[in-house]
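The values are calculated or read from the model by the stated rules, or taken from the named source; none is laboratory data. Predicted model only: the values in this text are computed from it and were never measured. For neighbour counting, all protein chains shown are included, and Cβ atoms are generated from backbone atoms with ideal geometry for every residue, glycine included.
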Amino acid sequence: MSPRRSWATHLAHVFVVGAVVLGAVACSDAADDDGTPSTRPTGPAAATDPLGPGLTYEPPTRHASDWGAPDVALPDITLPYGPSPEATADPSFYDVTTLDTAEVGAAEPGDVLRVEEAELTGPLAGASGWRVLYRSTDADGEPAVVSGMVLVPAGDAPDGGRPVVAWAHGTTGIADRCAPSATGNLFYDDYGQVGRDLLDQGFVVAASDYHGLGTPGVHTYHRSEELAHATIDSVAAAHDLAAVGPMRRDWFVVGPSEGGLAALASDAAADEALPELDYRGAVVAAPTPDLGTYAPAMFAIEGRGYAVLLLAAVAGIAPDLAPSVALGPEAASREALVTHGCWEEAVPGFDDIPPEQMLADPDAGERLADVLAEWAAYDPATVVGPMLVVQGEADDSVLPPLTAQLVDDLCAHRRTIEYRTYPGAGHDEVMAASSADAAAWMAARMAGEPEPTTCSGT
């Protein structure tokens, strides 16, 4: 795998699952008046959030990271991994100002508001894909519009339809051009390979961009509540897309790093949000650790551009933490790496600045931690499960003791947590190392086999 992803070199990584043919499970689908299977849950449980129709929708305030923002020359720095991929989607697709605001406000979470067929490339070539805008909800309970991609395997669906996996991606950046749906391969070929592996297992893949990534406004990077809304509502959006064809009610969520946090938060809300579907569990790979604890240290590690991304994300609620305010002069002069670049520019772009010069106020790291303690919060007591958590023993980015502690906390509230570690596997390598286990785990959940656990005391 590419070395571009580790905490020391990348917080987001790829979860590659091996090809496994999922066994058929009898599952009845609702039918429309014409007798064809419905792809959308019906009745009062159709909404993915406990919000009624008729809410007011106001497009977000534009941000410097949005499509169409004035071009800014990026600082002339060494890019150790080369430039980020080029977006190929038409930016006008993401322009929410051309939507009917009354229609958005009246829509249910997961309703598709705009759709176009996507040209898939790299590992995804040969599958079918649609770029979508769908209704979701922000952290204040207000309607939001989120973009994403829905992928479908080639060929006819099996009897009973296809299950769904919500793919929760890791860090790509906060600029709109970093939205995975803006390319034909989910932004990276290795992300595309994740999609291909899931497609080959017979899944429909619902891949959210998350709030503000693609659509206007700042991407609320690592805001757990919004990650959950966007991820869960992407599953409802897949069911709302007639072109997908017949679908089963079974669904999973899979996510690494930032996507691991999205998977944890989605797991906690899954059953309540989509009660008419059958949530089968989550696969969580080396999830982002407690940012409320570790944020200050991020300004001193390799890849400290992650900390700058977090500053940009929280600036809307904490103006004193805006990069232009919180960063030291040299770091602040490179803010365009975050607003106009993607991972390849933003994350390594601050590594040559001495840690002691990163912040204008040394206390800014602690103030960021205070914000992130709520912003990126996850309560293990809310776990639904079942859950497979995987971790590389040689991971020097998300350290194994941090994930082990998370598992202990999860086990204290839910006994069907399976934790697997992989000797010699680093932050990236654990994806390949665990791929067969993850695929088999999901297949077993689909087949109704007993839920495995490694929790003690069972």
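Among the residues of the range 411-423, is any modelled with pLDDT under 90 and either assigned to a loop (DSSP other than H, G, I, E, B) or within 19 Å of residue 259 (Cα to Cα) (or both)? Write out each step before concluding.
So in the range 411-423, the residues modelled with pLDDT under 90 come out as 414-415.
Narrowing further to those that are either assigned to a loop (DSSP other than H, G, I, E, B) or within 19 Å of residue 259 (Cα to Cα) (or both): 414-415.
The answer is yes; a qualifying residue exists.
What about residue 225, is it farther than 20 Å from residue 151 by Cβ, out of contact with any strand residue (DSSP E or B) (no Cβ under 8 Å at 6 or more places or on another chain) and acidic (Asp, Glu)? Against the criterion (farther than 20 Å from residue 151 by Cβ, out of contact with any strand residue (DSSP E or B) (no Cβ under 8 Å at 6 or more places or on another chain) and acidic (Asp, Glu)), residue 225 qualifies. Only one entry of 103, 142 meets the criterion of being of a type in the set (D, E, K, R), touching a residue at least 12 places away in the same chain (Cβ under 8 Å) and surrounded by fewer than 21 Cβ atoms within 10 Å (Cβ to Cβ), and that entry is 142. Just one of the listed residues (437, 361, 408, 395) is charged (D, E, K, R), in the same structural domain as residue 272 (by TED's automatic domain parsing) and not in a helix (DSSP H, G or I), and it is 395. Checking each residue in the range 381-392 for being at pLDDT 95 or above and part of a loop (DSSP other than H, G, I, E, B) picks out only 386.
Residues considered: 75, 50. Of these, the only one that is modelled with pLDDT under 90 and either assigned to a loop (DSSP other than H, G, I, E, B) or loosely packed, with under 15 Cβ neighbours inside 10 Å (or both) is 50.
Do you know which of the residues in the range 418-454 that are charged (D, E, K, R) and in contact with a Lys or Arg (Cβ under 8 Å, 6 or more places away or on another chain) is nearest to residue 190 (Cα to Cα)? Among those that are charged (D, E, K, R) and in contact with a Lys or Arg (Cβ under 8 Å, 6 or more places away or on another chain), it is 428.
The sole residue among 124, 55 that is aliphatic (A, V, I, L, M), crowded, with 17+ Cβ neighbours inside 10 Å and not assigned by TED's automatic domain parsing to the domain that holds residue 349 is 124. Within the range 317-358, the set of residues being surrounded by 21 or more Cβ atoms within 10 Å (Cβ to Cβ), part of a loop (DSSP other than H, G, I, E, B) and more than 24 Å from the chain's Cα centre (by Cα) comprises 334, 358. Tell me yes or no: at least one residue of the range 147-170 is of a type in the set (Val, Ile, Thr) and farther than 20 Å from residue 246 by Cα. No, every residue in the range 147-170 fails to be of a type in the set (Val, Ile, Thr) and farther than 20 Å from residue 246 by Cα. Among the residues of the range 185-209, those identified as closer than 18 Å to residue 252 by Cβ and assigned to a loop (DSSP other than H, G, I, E, B) are 186, 201, 202, 203. Being surrounded by fewer than 17 Cβ atoms within 10 Å (Cβ to Cβ), closer than 23 Å to residue 176 by Cβ and not small (Gly, Ala, Ser) is a property that residue 301 lacks. Looking across the range 135-151, the residues that are assigned to a strand (DSSP E or B), more than 15 Å from the chain's Cα centre (by Cα) and over 16 Å from residue 218 (Cα atoms) come down to 135, 151. If the condition is being in a loop (DSSP other than H, G, I, E, B) and over 20 Å from residue 119 (Cα atoms), then the range 152-169 contributes 157, 158, 159, 160, 161, 168.
Determine whether the range 191-198 contains at least one residue that is in contact (Cβ under 8 Å) with a residue 12 or more places away in the chain, in contact with a strand residue (DSSP E or B) (Cβ under 8 Å, 6 or more places away or on another chain) and closer than 23 Å to residue 371 by Cα. Among the residues of the range 191-198, not one is in contact (Cβ under 8 Å) with a residue 12 or more places away in the chain, in contact with a strand residue (DSSP E or B) (Cβ under 8 Å, 6 or more places away or on another chain) and closer than 23 Å to residue 371 by Cα, which makes the answer no. Before we move on, is residue 377 of a type in the set (Gly, Ala, Ser) and in a helix (DSSP H, G or I)? No: the conditions fail for residue 377.
For (1) outside the structural domain of residue 108 (by TED's automatic domain parsing); (2) among the β-branched types (Val, Ile, Thr); (3) under 20 Å from residue 438 (Cβ atoms), each residue gets a yes or a no:
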{"residue": "247", "(1), (2), (3)": "no, no, no"}
{"residue": "255", "(1), (2), (3)": "no, no, yes"}
{"residue": "261", "(1), (2), (3)": "no, no, yes"}
{"residue": "276", "(1), (2), (3)": "no, no, no"}
{"residue": "296", "(1), (2), (3)": "yes, no, no"}
{"residue": "300", "(1), (2), (3)": "yes, no, no"}
{"residue": "320", "(1), (2), (3)": "yes, no, no"}
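Counting only residues that are in contact with a Cys (Cβ under 9 Å, 6 or more places away or on another chain) and either in a loop (DSSP other than H, G, I, E, B) or at pLDDT below 95 (or both), the range 172-184 holds 4 of them. The number of residues in the range 106-116 that are without any contact (Cβ under 8 Å) to a residue 60 or more places away in the chain and not aliphatic (A, V, I, L, M) comes to 2. Could you say whether any residue in the range 217-235 is more than 20 Å from residue 96 (Cβ to Cβ) and outside any helix (DSSP H, G or I)? The answer is yes, given that some residue of the range 217-235 is more than 20 Å from residue 96 (Cβ to Cβ) and outside any helix (DSSP H, G or I). Go through (1) of a type outside the set (A, V, I, L, M); (2) modelled with pLDDT of 95 or more; (3) in a helix (DSSP H, G or I) one by one and return the number of the condition residue 403 breaks. Result: residue 403 fails condition (2) only.
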